[in-house]
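Engineer: Sharing a structure below in structure tokens format, with a few things to ask.
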Amino acid sequence: MTDPLSAALSALLSRHHALSDGQVADYIPELAGADPSDFGISMVSVHGRIYNAGDAEKPFTIQSVSKPFVYALALSELGLARVARHVGFEPSGEPFNAVSLEPETGRPANPLINAGAIVTTSLIAGDADAGFTRIREALSAFAGRALSLDEDVYRSEASTGDRNRALAYLTSSQGVLARPANEATDIYFRQCALEVTATDLAVMGATLANAGINPVTKRRVIGEDVARIVLSVMSTCGMYDHSGEWMVRVGLPAKSGVGGGITAVLPGEFGIGVYSPPLDLQGNSVRGMAALQDTSTRLGLHVFAPATEARTAIAASTMAGNTLSLWLRGELDFIAAEQIARHIHDQVAAFPIGLIALDLTNVTAVRPIAAELLAATGTDMTSRGVRIEPTDPSGFLGTRPGVVRPPPSAG
Ligand code: GLU
């Protein structure tokens, strides 16, 4: 029996299958053989559940979808400050293979255009083989399975990729490339020729959505901070010179590749992988973009469209004698903590309260801002002679800073 979400994904593919615009990339000769009718989609939740439709298991080369993940590896190995000496964070507004370097620093504008991606690749330690091995292992950890190299696509790009070689020499002349130009491009061509499926791209995206822990293997691949930086850059630069419109219309951090793949992410919720080879003039998959825009609009997935219905973090509030008891629930973010602080303040102003029993047993996470606000409320109450007694089995209030998360749940 097909589950409802996979059925919805199949219906989505049917709605956009007839779209026949775009051309399969042929500037890398080996890519020209892709079947333009291939169309697959996969969605993977941060709980690690996988929903597939169409050609979700068909292999193709990752191409530029590798870039944010190699950037993540460089950030993990070297830290933001060192990486930022070589490559920036600004949208270039230019095509993927543009000759685009910041005039003052000589850095490529961001790691998702080719110049920036080649510089990022050059930062990975080891000789050419060791560097590529690290990249392959990192991308495999994101995908949750060992990825292999499509030798034909690699050789095809290596024998025709003069523009990328030119970008490498140019960045080298600016002093921002960290290894010899021919080595950097060789590793970059191999990285782009790693074979993935739409499901792999969804798992990779879900790992970013899940703050760096692969939700299928449960392994931590990168730190929370690195996941946040990568998603930020994807949201501003991921779709090349279409990035602004993409954010307006779809509103999901994403990265496309000329193999026809796109990874899109709803932070905290899921990753999506789409595969359809015909590309628009910017090098983005035409059906992939249509499917993602449709999904985002129908399902209300835009990152800047939060749920607006009333919600409360206070599951119950009772008064007995001079004791106020509050049972809290869910994730405590700013708005939840503000509501709790306000409620405590109002109750203490209205009634002779001596003790507040604060039950966090059903709280799932506490954001730093919420921990701050609750601590400040505690100090305020102490100064008024009111004691706060938390029941906090997960120790949320004691561990700061950073988003405090419970251990990963089974489902
Ligand atoms: N390997 C391709 C190139 O460097 C990747 C481009 C892309 O996927 O956008 O030209």
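Engineer: Just checking, how many residues over segment 1-18 are of a type in the set (A, V, I, L, M), within 16 Å of Met289 (Cα to Cα) and open to solvent by less than 60 Å² (accessible area, probe 1.4 Å)?
Structural biologist: Within segment 1-18, residues that are of a type in the set (A, V, I, L, M), within 16 Å of Met289 (Cα to Cα) and open to solvent by less than 60 Å² (accessible area, probe 1.4 Å) number 4.
Engineer: Follow-up. Quick one: in segment 146-164, of everything that is in a helix (DSSP H, G or I) and touching a Leu at 6+ places or on another chain (Cβ under 8 Å), which residue is surrounded by the fewest Cβ atoms within 10 Å (Cβ to Cβ)?
Structural biologist: Taking the candidates together, the pick is Ser156.
Engineer: Looking at Glu245, Glu269, which one is of a type outside the set (A, V, I, L, M, F, W, C) and within 24 Å of Arg49 (Cβ to Cβ)?
Structural biologist: The match here is Glu269.
Engineer: Report the residue count in segment 65-101 for those that are among the acidic types (Asp, Glu) and either at pLDDT below 90 or under 15 Å from Val176 (Cβ atoms) (or both).
Structural biologist: 2
Engineer: Let me ask another. Would it be correct to say that Met234 is part of a helix (DSSP H, G or I), of a type in the set (A, V, I, L, M), in contact (Cβ under 8 Å) with a residue 12 or more places away in the chain and within 16 Å of the ligand (Cβ to nearest atom)?
Structural biologist: It is true that Met234 is part of a helix (DSSP H, G or I), of a type in the set (A, V, I, L, M), in contact (Cβ under 8 Å) with a residue 12 or more places away in the chain and within 16 Å of the ligand (Cβ to nearest atom).
Engineer: Is there a residue being assigned to a strand (DSSP E or B), open to solvent by less than 20 Å² (accessible area, probe 1.4 Å) and closer than 30 Å to Val250 by Cβ anywhere in segment 349-359?
Structural biologist: No, segment 349-359 has no match at all.
Engineer: Quick one: Ala211 ticks every box in (1) under 11 Å from the mean Cα position of the chain (by Cα); (2) open to solvent by 30 Å² or more (accessible area, probe 1.4 Å) bar one, so which box is it?
Structural biologist: Among (1) under 11 Å from the mean Cα position of the chain (by Cα); (2) open to solvent by 30 Å² or more (accessible area, probe 1.4 Å), Ala211 violates only (2).
Engineer: With respect to the numbered conditions (1) out of contact with any Cys (no Cβ under 7 Å at 6 or more places or on another chain); (2) hydrophobic (A, V, I, L, M, F, W, C); (3) closer than 18 Å to Val265 by Cβ, which one is the sole condition not fulfilled by Ile62?
Structural biologist: All conditions pass for Ile62, except number (1).
Engineer: With respect to Ala56, determine if the residue is among the small types (Gly, Ala, Ser), away from the ligand (no atom under 16 Å from the Cβ), modelled with pLDDT of 95 or more and more than 15 Å from Pro4 (Cα to Cα).
Structural biologist: The answer is yes for Ala56.
Engineer: Can we say Val274 is assigned to a strand (DSSP E or B), aliphatic (A, V, I, L, M) and away from the ligand (no atom under 16 Å from the Cβ)?
Structural biologist: no
Engineer: I need the helices (runs of 4 or more DSSP H) fully contained in segment 28-122, keeping only those with at least 3 residues that are open to solvent by less than 20 Å² (accessible area, probe 1.4 Å) and either free of Cβ contacts under 8 Å to residues at least 40 places away in the same chain or not small (Gly, Ala, Ser) (or both).
Structural biologist: Fully inside segment 28-122 and qualifying: 66-78, 114-122.
Engineer: Hey, among the residues in segment 214-232 that are open to solvent by 40 Å² or more (accessible area, probe 1.4 Å) and more than 16 Å from Ala264 (Cβ to Cβ), which one's nearest to the chain's Cα centre (by Cα)?
Structural biologist: Taking the candidates together, the pick is Arg228.
Engineer: Moving on to the next point. For segment 177-196, what are the residues that are surrounded by fewer than 24 Cβ atoms within 10 Å (Cβ to Cβ) and not in a helix (DSSP H, G or I)?
Structural biologist: Ala178, Arg179, Pro180, Glu195
The values are calculated or read from the model by the stated rules, or taken from the named source; none is laboratory data. Owing to the predicted nature of the structure, the values given are computational and were not obtained by experimental measurement. Neighbour counts are summed over all protein chains in view; Cβ atoms, including those assigned to glycine, are modelled from backbone coordinates with ideal geometry. Side chains included, ligands, DNA and RNA excluded: accessible areas come from the protein's heavy atoms. Shrake-Rupley method; radii C 1.70, N 1.55, O 1.52, S 1.80 Å.
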